[in-house]
Structure formats: C-alpha cells, structure tokens
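Computed from the coordinates by the stated procedures, all read-outs in this text should not be read as laboratory data. No experiment lies behind these values; they were computed from the predicted model shown. Every residue, glycine among them, receives a Cβ derived from its backbone with ideal geometry; neighbour counts consider all protein chains shown.
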Amino acid sequence: MKFNSDEKHSSQIPALQLFIQMGYEYLPPSKALQERDNKTSNVILENILIKQLKEINRINYKGKPYLFSEENIQSGLEKIKNIPHNNLLSNNQEIYDLITLGTSLKETIDGNSKSYTLNYIDWKNWENNQFHVTAEYTIERTSLNENIRPDIVLFVNGIPWVVLETQLKETFANCGLEPQKAKSGRHLIDLVEEKKASIITTIINKFASAVNIRNFQDTSDNIFILVDESHRSQHGQSFHPKMRQVFPNGCYLGFTGTPLMQTEKNTFSKFGGLIAGTEYTIDQAVEDGAVVPLVYEGRYTETEVNNRPLDTWFERYCQGLNDEQKADLKKKYSRISKLNRAEQIIYGRAFDISQHYRQFWQNTGFKAQLVAPINEVRSQKSEVPHYVGRAIAQKLFLKQRFMLRFKNYAP
C-alpha cells in the first residue's frame, strides 16, 4: 500500500477542489482574514455576513419592500457574534435557533413600529446564499492565549458551517493501524505501562495530568513521540518538560507548518534540529497565504541640539562638582536611552507620528499601534493629546493608557 505523507496534497487540496466544483467560492487565507477585519479573534466573516443580511432580508409593509436599518443589521451581527459563554450545549442551541429562526428586531416604517424577523439564511431559496471555503483558518482563542487552525472551514453567508480537521487517530486507521486514544492522564499511564497499544494518540496536556497522578516514567529508548503543531506548548513552564519526564529516552519528532524564527524561542533545539529536506520557508508560507508580508519603513525624527542654553543650565545644576563628576554626568545623560526619554524628543516624535497617521491612515479603515520599551515617563502624559490629536487617542479606546505609551515612545 502506498502512503502519501503530504497531507496537503493527499487530502486538503483534493477536498478544496471538490468543494469548489460543488459551488463553493475559495477564499485564500489572506482574503478570509480581510473579510473579518484582519482580526483572528473573529470567527465570522463579518463583511460577507453584513452584505448578505442586507441582500436576503426584506420587510413587507403595505405591499412594499423595505430594507432593515443599518443599526438593526449591525444588531443582527452582534447577536450571533457575541453569544454568552455559558456551556457548549446551551451555546449550540442558541446559535442553532438564530440560524434556523432568525432574530426579531423592531423597525419603524412611516411612524409605525413593529418587530420583524431578520434571517441569517435564506431557507426558501438556497441560491440567494453565499457559500465559501477556506483552508488553514487561524482562530485566536483569547481566553487560552493560543491559536487553532482548522484544515478546512465551510461558510454559509460568512457563518462557519463545517470544520474539517484531519484527525490523527483516523489517519493511522487508514494506514491499517489501530491506535488507542488516551482519554485521561491515568488512562495514558495504563496504556503505556501495560503495553496495551503499539500506537497511542493523546493531547500534550495529558502528560501533565499523568505526572501529577504519580511520578510515572518509561525509560525505554524504543519509543517514538510524534508531536503535531510542535511550535506550541514547548517552551518555559509548559507541557513539553512533562512529556520529557514521562519518556526521557524517547525519539521526538516535531511537525509544524508555521515558519519558525531562529531569533525567537528555538523549537529546533527542542527536537534535535531540522530534518534535511523538510524546510518550510517564509517565502513558501507567503506564497501559500499562511502568512502575509510585513512592510517596514524606518522613520527618523530630525532633531538639533541647542548647545548654549544646554551648557548654561548644565553648569548651573553642576555647581560644586569637580570636572570628573561633571564628565560622569555628561556620559550618563548622553546615552541614547536617556536622550530618548527627553521631553522635547518625545513631543517631536509624537507630532511626527500624529502627522503621518493623519496623512496616510486616518479614515482608511486601518488601525495603528504604538509600542514603547519603557514605562517610566508619566508626569506630563496629559499634554500629549495636544500633539497627537484627541481623535486619534479616542480611536484607541483606552485613552489614558494610549497617552502613557505615547509619552514613553522610544525607538
């Protein structure tokens, strides 16, 4: 039996081709991200859903069709987007009810207020709906501070409808093997200790549970551990040390489709280096649409030193100090880290950023982020909006925090 280990070519691409033939429109990952306002925390393709809510919904009033107001279209989006996180069963029931029954919203037409149903799906004429498919759909799980990336996701009117993820257990089964799935840390220990299975599938946090139950260890060097998404959960006080504790002499093979930066936490070192011929480069990732290119422009704010008043005030402050002490002070406060905190430097850069933002980015739909490496200069943060512009500060919602970060701006 021939087995193609390349999942993308053996299953993902054929599946995508099949869905396209069925009438689904393919969205590259970059386009899918754009349709949700470039926020991986958004699971809905919001731009598409808003468009479809306008297309498929009409209010029939006295024999005439009317559109829902923009406010109610936005309310419809928010209702399905912000489902309270109660439990899986109740959440699924609420989403199911919204999708199948729609939501009731009050509209006022010719002075007459009445509630009308806003539908998310046109159940009467399926051709009025939009069907999309995308691959490698990254979703940020904000509560867990991590991302998930299903292989294939199908959408109806921008709403995720079907998630297709190649499961490891079924993949092995298709090769004629019968793996056992560890259901808990204790079950994992039992499967390993009693040699109940030649292949075991589990998630990495089960190793932490196993170690917490008892200090179990299998010292055999004839154990192979295949770690999927190996760029995650491998650093610091994570699950990786627990896995190593259970199998200290095992052979570890890490798999990831995410390009690794050698200057960051080095996943290569955790697994003994890169296997030749398996590289997945940044250029390949950009070509595949898994990542987008980052365009960087270095900016420099022109400054000039007014020596005369600077020297005058330095001498006044240093009265009573000898030449050696004065030289030490000059050396200390001429460092770039100190100069970057100078009030005039901060104001100059704030003004430059403000002008650049207003000229190129304001009202374009794009957003700006300011990052500063220090958190010390606070005393005059209230003056920064004079240079930055209150409109910009308000767009960042946390105005006080924004002003503080602007005040601390340094390259």
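Counting only other residues whose beta carbon sits under 10 Å from that of Asn157, what net charge do I get with K and R as +1, D and E as -1? Walk me through the intermediate numbers first.
Values: positive: Lys51; negative: Glu55, Asp122.
So the surrounding residues net to -1.
Tell me the net charge near Ile189. Cut-off is 10 Å between Cβ atoms, Ile189 excluded, with +1 for each Lys or Arg and -1 for each Asp or Glu. Walk me through the numbers on the way to the answer.
On the way: positive: Arg186, Lys206, Arg214; negative: Asp190, Glu193, Glu194, Asp218.
Value of the local net charge: -1.
For Lys114, go through the aspartates and glutamates and keep the ones whose alpha-carbon is under 18 Å away, minus same-chain ones fewer than eight residues off.
Glu70, Glu71
Can you run phi through the Karplus equation (6.51, -1.76, 1.60; θ = phi - 60°) for the range 208-217 and list ³J(HN,Hα) in whole Hz, with x for Gly and Pro?
After applying 6.51 cos²θ - 1.76 cosθ + 1.60, I find 5, 5, 5, 5, 5, 5, 7, 6, 7, 8 Hz.
For a test of the definition: using alpha carbon positions, the gyration tensor, and the 1.5 limit on a/c, classify the range 52-99 as rounded, prolate or oblate. The partial results should precede the final answer.
Numbers: a/c = 3.75, a/b = 2.44, b/c = 1.54.
Taking the square roots of the gyration eigenvalues as a ≥ b ≥ c, the range 52-99 is prolate.
Would you mind putting 24-33, 310-319 in packing order, based on average other-beta-carbon counts within 10 Å, highest first?
Details: 24-33: 17.3, 310-319: 10.3.
With the highest mean Cβ count within 10 Å placed first, the list reads 24-33, 310-319.
State the answer as a single residue: which of Pro28, His132, Pro65 lies farthest towards the positive end of the charge dipole of the range 7-163, with beta carbon charges of +1 for Lys and Arg and -1 for Asp and Glu, about the Cα centre.
Farthest along the dipole direction, towards plus: Pro65.
Once phi is turned into θ = phi - 60°, what whole-Hz ³J(HN,Hα) does the Karplus curve with 6.51, -1.76 and 1.60 give for every residue of the range 222-231, x standing for Gly and Pro?
Values, residue by residue: 10, 10, 10, 10, 9, 10, 7, 6, 6, 7 Hz.
When ranked by the protection proxy of mean other Cβ atoms within 10 Å per residue, highest first, what sequence do the peptides 359-365, 96-102 form? Could the numbers behind the result be given before it?
Details: 359-365: 9.6, 96-102: 14.0.
Top of the packing list down: 96-102, 359-365.
If you rank Val227, Val305, Val133 by fewest surrounding Cβ atoms within 10 Å, what's the result?
Working: Val227 20, Val305 7, Val133 24.
Ascending number of Cβ neighbours within 10 Å: Val305, Val227, Val133.
5 Å is the cut-off here: which amide hydrogens, built 1.01 Å from N in the peptide plane, fall below it relative to Ile109, excluding neighbours closer than 5 in sequence?
Placed amide hydrogens put Lys114 under 5 Å from Ile109.
Looking at this model, which pairs from Lys39/Lys106; Lys242/Lys270; Lys31/Lys270; Lys51/Lys106 are more than 22 angstrom apart at the alpha-carbon?
Details: Lys39/Lys106 30 Å; Lys242/Lys270 13 Å; Lys31/Lys270 34 Å; Lys51/Lys106 20 Å.
Those over the limit are Lys39/Lys106; Lys31/Lys270.
Could you run the Karplus curve 6.51 cos²θ - 1.76 cosθ + 1.60 with θ = phi - 60° over the range 310-316 and give me ³J(HN,Hα) per residue in whole Hz, x for Gly and Pro?
Computed from phi, the couplings for the range 310-316 are 4, 5, 4, 6, 4, 5, 5 Hz.
Can you put Tyr300, Tyr280 in order of Cβ neighbours within 10 angstrom, beginning with the fewest? Working shown, then result.
Numbers: Tyr300 8, Tyr280 15.
Ascending number of Cβ neighbours within 10 Å: Tyr300, Tyr280.
Non-local amide H neighbours of Tyr252 (under 5 Å, H modeled in plane, Pro and chain starts lacking H): which ones?
Ile225
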